[in-house]
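Down below is the structure, laid out as structure tokens.
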Amino acid sequence: MQTFLPKELASLLEKSPDTLELIDVRGTDEYSEVHIPEAKNIPLHLLPMRLHELDKKKKIVFICRSGGRSGQATLFAESENITAYNLVG
């Protein structure tokens, strides 16, 4: 599984934000409390039905609170032949 550390993601967001698609896989309540402004919310349980919404031309980075759900999302995307990254740390 490919990963990004927060520092790496921050650097990429600063240098080339148009190359990234950030997907926050937390529930809508968690997302509405706090989230990265550039991140789109697709709760993990809805990801299989909403895969078509991902821009596969960009680096897709899955985000959650601790890395567990985003790790599951990354593995699922990879199983569908989508290159994805898990934000860890």
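Per residue of the chain, what 222 nm ellipticity follows from adding -39500 (n - 2.57) for every DSSP H run with n ≥ 4, rounded to the nearest 500?
-9500 deg cm²/dmol
If you place +1 on the Cβ of every Lys and Arg, -1 on the Cβ of every Asp and Glu, and leave all else neutral, what size is the dipole of the chain about its Cα centre, to the nearest 20 Debye?
For this selection, approximately 160 debye.
What whole-number value in Å² describes the accessible area per residue of the chain for a 1.4 Å probe? Provide the component values of the computation, followed by the final result.
On the way: 5290 Å² over 89 residues.
Computed with neighbouring chains in place, this is 59 Å² per residue.
Ignoring any ligand, DNA or RNA, what whole percent of the accessible area of the chain comes from carbon and sulfur when the probe is 1.4 angstrom?
Working: 2790 of 5290 Å².
Carbon and sulfur together cover 53 percent of it.
Using the alpha carbon gyration tensor of the chain, what are the three equivalent-ellipsoid semi-axes (square root of 5 times each eigenvalue), largest first, in whole Å?
17, 16, 12
So which lysines pass the test for Lys15, namely a Cα distance under 19 Å, with those fewer than 8 places away in the same chain ruled out?
Hits, sequence-local ones excluded: Lys7, Lys57, Lys58, Lys59.
Non-local amide H neighbours of Thr3 (under 5 Å, H modeled in plane, Pro and chain starts lacking H): which ones?
It is Asn86, by chain and number.
Out of residues 5 or more away from Glu21 or on other chains, whose amide H comes under 5 Å of its own, with H placed 1.01 Å from N in the peptide plane?
Close amide H contacts, sequence-distant or interchain: Lys59, Ile60, Val61.
With a 1.4 Å probe and all protein chains kept in place, how do Arg65, Arg26, Arg50 rank by accessible area, largest first?
Arg65, Arg50, Arg26
The values are calculated or read from the model by the stated rules, or taken from the named source; none is laboratory data. Small disclaimer: the values here were computed from a predicted structure and weren't measured. All Cβ positions, glycine included, derive from the backbone under ideal geometry; neighbour counts span all protein chains shown. Side chains are part of the model used for accessible areas, which takes the heavy atoms of the whole protein and leaves out ligands, DNA and RNA. Shrake-Rupley method; radii C 1.70, N 1.55, O 1.52, S 1.80 Å.
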